[in-house]
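Please read the structure below before turning to the comments.
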């Protein structure tokens with residue numbers, strides 16, 4: 001193929017993607033380059049070489065970027081018959097998104113999960129190749145779904161090739177840059193195309209084209225010399241010159257086709273009839289090689305041709321074409337609304353209302369980017385200031401839901417004052433609060449939420465209460481007691497009733513204020529009653545799970561979070577999953593279920609990335625850093641802690657920063673750097689972290705580190721801090737840890753022994769219990785009670801082994817050796833220790849009796865990927881079938 005001269009390296013890159021799919025794996029590649037550089041031709045070449053594969057193809061169209069899931073519909077059209085095989089919630093979401101069924105609930109990314117499953121099902125028959133051309137013009141909803149799929153492909157026999165200009169954001173997908181042809185190849189190509197060109201002209205074209213194949217083909221048709229910076233425009237001018245050579249009906253038909261990229265041949269011909277344009281003009285354009293007509297559709301041979309056909313004509317003709325196209329489409333067609341808007345020359349309520357209704361349909365399909373664009377244009381066409389502002393605020397809400405903060409900010413800045421409308425005022429305050437929080441100003445976010453609640457209180461007390469609960473949560477994360485107290489006071493002033501359903505959330509804010517201002521004895525008992533919440537909206541239940549963490553009831557926190565996660569998966573509400581994973585992973589960590597916590601946090605981190613929730617990602621990174629510290633993984637701990645710290649340093653979110661600091665201190669402590677650990681914890685407590693629960697839960701680490709370096713004042717302060725909280729919490733595990741702290745501080749052996757014995761008798765979660773056995777064994781050895789010490793140290797070493805706490809197990813063994821006893825390294829008690837977090841998660845679900853399809857639906861992976869992970873996991877576990885998993889210990 002002429003257009004692929006000099007593309008051996010590039011063809012090898014795309015060929016490797018196809019080869020992986022043919023060998024049972026999946027692969028993705030984004031081919032990037034300038035207009036005309038040959039991206040589409042490279043995709044054509046891949047399609048031609050896809051023998052034995054199912055080829056699905058779509059192309060973004062600039063004028064279709066406002067139609068939700070338009071490109072995805074184009075890609076999947078040949079495969080939609082297989083959608084009936086999807087899990088019900090995925091099938092409903094996909095059909096609703098594509099307009100093939102009623103709008104379904106769930107999040108936009110559930111559509112991505114459905115696409116992933118559908119492609120995997122197709123690949124069961126033969127490998128699948130997905131070609132996405134002009135990805136920079138994908139509608140936002142399709143782009144988000146396809147990126148979701150591309151990031152999660154593993155072992156489905158699916159290849160994905162994106163062709164895009166530089167404005168397309170690949171978001172972590174592998175890329176291949178398509179450069180211009182080298183001068184020798186460009187010259188040879190030009191000789192083939194135009195053998196009649198004089199050498200001097202040919203050399204100049206080769207030089208100035210920078211090896212762009214489309215420029216080499218089109219510009220010699222009569223374009224004057226040009227410079228590379230203007231290359232796309234000059235290519236378009238070359239196309240315009242070819243269009244000018246068509247008869248009038250041919251030019252008119254091209255204009256209609258350019259203005260209606262997705263309407264199909266029938267609509268174009270009806271519009272042509274209304275405009276008095278002879279259909280023979282389309283044949284003239286096809287004979288000139290400007291378009292192809294097949295399967296009821298008109299396709300331009302290059303996107304720049306479409307632009308040339310549209311832009312070279314006069315303004316009044318374009319308006320006439322759009323008005324006519326609008327007449328050919330039904331009232332509930334989104335494209336009709338956009339044609340009306342394109343035909344408007346000033347305020348136009350008919351077009352504005354049509355766009356608003358199109359936005360409502362887009363929101364029903366979770367097409368937030370499309371809804372934002374429609375509402376923005378609707379506002380531009382609105383004459384009445386109040387109505388214009390209402391539509392702009394709605395556009396800002398949709399843009400925010402689409403993860404487009406810059407657009408959200410711009411829409412809000414364009415709003416007229418809304419002081420006379422409390423609902424709009426509150427909505428604007430809430431949106432500006434979200435922006436402020438993401439920009440690093442949680443204090444401003446709190447103040448904006450309070451202002452919104454004040455405006456809303458006279459007309460909707462419950463909605464005002466929800467804003468104040470969010471404001472209090474911001475203030476808590478900031479470790480700002482006065483602001484928490486203010487939110488609590490305002491909530492009390494609202495006079496909420498039980499029927500408002502905010503009782504537990506309000507009680508939590510009140511208790512949090514007392515905890516910060518009066519101490520554990522005042523706040524913890526009031527919070528404990530809130531951990532029984534098991535029903536209600538996800539945000540209120542997760543608030544209860546967070547409160548459970550504050551009072552040390554980790555079993556309740558785990559049960560609540562797991563319930564929300566299970567429900568969110570069943571309903572397809574992916575957006576709630578990252579927050580559910582934060583509270584679930586934290587509960588599992590505190591319970592000493594480290595492998596569970598890693599699996600939960602790792603999945604949550606993937607979902608936070610997919611859903612654009614960087615703040616949730618930071619907490620999960622902090623949790624993973626903490627567990628890496630326990631395991632002695634120095635580099636991984638440092639990397640994760642740095643990422644966590646960087647997310648929160650700018651906005652001063654103390655609750656997030658606390659995880660990073662605690663993880664690094666625990667790493668120091670486990671590796672024998674007691675002074676560094678003590679100094680790090682002391683420095684953290686000098687800042688806002690002192691108000692966070694991590695300041696309590698890290699206190700035993702500070703006691704141990706400080707005692708070892710003789711900083712008894714620090715140790716006593718930390719011991720008192722934990723003991724005060726434990727006395728209010730009244731939990732056995734907390735009392736056991738308090739006894740250990742007192743024992744470490746006791747110079748008198750009888751008193752220390754009494755505390756250690758009490759701690760051992762109370763037991764506790766594995767991590768803390770092992771720490772107690774280790775500290776007790778170390779003290780017994782120093783007191784020359786070697787036989788008694790060995791029993792404690794052996795227990796500690798065995799538990800640390802099971803937890804994967806390598807440096808702590810080594811420390812226990814070192815103490816055993818010093819006591820005259822050698823303990824061999826024992827194999828992990830849990831078979832799951834040999835598995836990766838994702839493998840462990842999958843194997844447990846298999847052991848629970850779930851099928852690969854059911855597991856895939858839960859984890860947003862394809863059934864084929866589930867099979868792949870099982871293939872890797874079974875040899876590690878020494879099993880050959882699913883039924884054998886039931887006899888294994890897969891505990892966390």
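Just one of (1) over 11 Å from residue 398 (Cβ atoms); (2) part of a helix (DSSP H, G or I) fails for residue 331. It is (2).
To keep it simple, each residue is scored yes or no on (1) on the phi < 0 side of the Ramachandran plot; (2) surrounded by 15 or more Cβ atoms within 10 Å (Cβ to Cβ); (3) part of a helix (DSSP H, G or I).
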| position | (1), (2), (3) |
| --- | --- |
| 234 | yes, yes, yes |
| 240 | yes, yes, yes |
| 249 | yes, yes, yes |
| 252 | yes, yes, yes |
| 272 | yes, yes, yes |
| 278 | yes, yes, no |
| 292 | yes, no, no |
| 338 | yes, yes, yes |
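For residue 107, are the conditions met, namely being in contact with a strand residue (DSSP E or B) (Cβ under 9 Å, 6 or more places away or on another chain) and either buried (at least 21 other Cβ atoms within 10 Å of the Cβ) or closer than 29 Å to residue 334 by Cβ (or both)? Considered against the rule, which asks whether it is in contact with a strand residue (DSSP E or B) (Cβ under 9 Å, 6 or more places away or on another chain) and either buried (at least 21 other Cβ atoms within 10 Å of the Cβ) or closer than 29 Å to residue 334 by Cβ (or both), residue 107 comes out as no. A single member of 319, 353, 329, 375 is modelled with pLDDT of 90 or more and crowded, with 24+ Cβ neighbours inside 10 Å, and it is 375. Could you list all residues from segment 526-549 that are modelled with pLDDT under 85 and either assigned to a loop (DSSP other than H, G, I, E, B) or closer than 20 Å to residue 688 by Cα (or both)? Hits for segment 526-549 are 533, 534, 535, 536, 537.
In this structure, residue 371 qualifies as on the phi < 0 side of the Ramachandran plot and part of a helix (DSSP H, G or I). Considering (1) touching a residue at least 12 places away in the same chain (Cβ under 8 Å); (2) at negative phi; (3) out of contact with any helix residue (DSSP H, G or I) (no Cβ under 6 Å at 6 or more places or on another chain), the lone condition that residue 377 does not fulfil carries the number (3). Within the set 403, 465, the sole residue that is closer than 30 Å to residue 647 by Cβ and crowded, with 19+ Cβ neighbours inside 10 Å turns out to be 465. A residue that is touching a helix residue (DSSP H, G or I) at 6+ places or on another chain (Cβ under 9 Å), surrounded by fewer than 17 Cβ atoms within 10 Å (Cβ to Cβ) and either free of Cβ contacts under 8 Å to residues at least 60 places away in the same chain or assigned to a loop (DSSP other than H, G, I, E, B) (or both) cannot be found anywhere in segment 303-316.
The residue list 149, 132 contains one member that is touching a residue at least 60 places away in the same chain (Cβ under 8 Å), crowded, with 23+ Cβ neighbours inside 10 Å and either touching a helix residue (DSSP H, G or I) at 6+ places or on another chain (Cβ under 7 Å) or not assigned by TED's automatic domain parsing to the domain that holds residue 69 (or both), which is 132.
Evaluate the following for residue 163: is it closer than 30 Å to residue 116 by Cα, in contact with a helix residue (DSSP H, G or I) (Cβ under 8 Å, 6 or more places away or on another chain) and in contact (Cβ under 8 Å) with a residue 12 or more places away in the chain? Criteria met by residue 163. Per the conditions (1) surrounded by fewer than 21 Cβ atoms within 10 Å (Cβ to Cβ); (2) at pLDDT below 90; (3) over 27 Å from residue 212 (Cα atoms), the sole criterion not satisfied by residue 283 is (2). Just one of the listed residues (731, 744) is at pLDDT 95 or above, farther than 26 Å from residue 656 by Cα and either surrounded by fewer than 23 Cβ atoms within 10 Å (Cβ to Cβ) or in contact with a helix residue (DSSP H, G or I) (Cβ under 7 Å, 6 or more places away or on another chain) (or both), and it is 744. The residues in segment 701-720 that are within 23 Å of residue 522 (Cα to Cα) and either modelled with pLDDT under 95 or buried (at least 22 other Cβ atoms within 10 Å of the Cβ) (or both) can be counted, and the count is 2.
Suppose we filter segment 152-188 for residues that are surrounded by fewer than 23 Cβ atoms within 10 Å (Cβ to Cβ), within 27 Å of residue 856 (Cα to Cα) and more than 20 Å from the chain's Cα centre (by Cα); how many remain? Residues that pass the stated criteria total 1. Here is the figure for segment 49-66: residues that are crowded, with 18+ Cβ neighbours inside 10 Å and free of Cβ contacts under 8 Å to residues at least 24 places away in the same chain total 0. Using the structure shown, decide if residue 523 is outside any helix (DSSP H, G or I) and over 24 Å from residue 623 (Cα atoms). Answer is no for this residue. Scanning segment 751-768 for residues that are in contact (Cβ under 8 Å) with a residue 60 or more places away in the chain and either in a helix (DSSP H, G or I) or over 23 Å from residue 732 (Cα atoms) (or both) returns 766, 767, 768.
Residue by residue, here is whether (1) touching a helix residue (DSSP H, G or I) at 6+ places or on another chain (Cβ under 9 Å); (2) modelled with pLDDT under 85 holds:
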site: 822; (1), (2): yes, yes
site: 838; (1), (2): yes, no
site: 844; (1), (2): yes, no
site: 868; (1), (2): no, no
site: 871; (1), (2): no, no
site: 874; (1), (2): yes, no
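Of the numbered criteria (1) crowded, with 24+ Cβ neighbours inside 10 Å; (2) touching a residue at least 40 places away in the same chain (Cβ under 8 Å); (3) under 16 Å from residue 863 (Cβ atoms), the one residue 142 fails is (3).
Consider residue 624 carefully, then state whether it is surrounded by fewer than 22 Cβ atoms within 10 Å (Cβ to Cβ), under 21 Å from residue 770 (Cβ atoms), in contact (Cβ under 8 Å) with a residue 12 or more places away in the chain and outside the structural domain of residue 143 (by TED's automatic domain parsing).
Taking the combined requirement at face value, the residue does not satisfy it.
Could you tell me whether segment 568-578 includes any residue that is touching a helix residue (DSSP H, G or I) at 6+ places or on another chain (Cβ under 7 Å), under 21 Å from residue 768 (Cα atoms) and in a helix (DSSP H, G or I)? No - not one qualifying residue is present in segment 568-578.
Elements of the type helices (runs of 4 or more DSSP H) sitting completely within segment 776-892 and holding at least 2 residues that are farther than 26 Å from residue 155 by Cα: these cover 786-803, 806-818. Does residue 406 meet the test of being in a loop (DSSP other than H, G, I, E, B), more than 24 Å from residue 361 (Cβ to Cβ) and modelled with pLDDT under 95? In short, no.
The values are calculated or read from the model by the stated rules, or taken from the named source; none is laboratory data. Just so we're clear, the structure is a prediction, and the values are computed from it rather than from any experiment. Note that each Cβ is placed from the backbone with ideal geometry, even for glycine, and that neighbours are counted across all protein chains shown.
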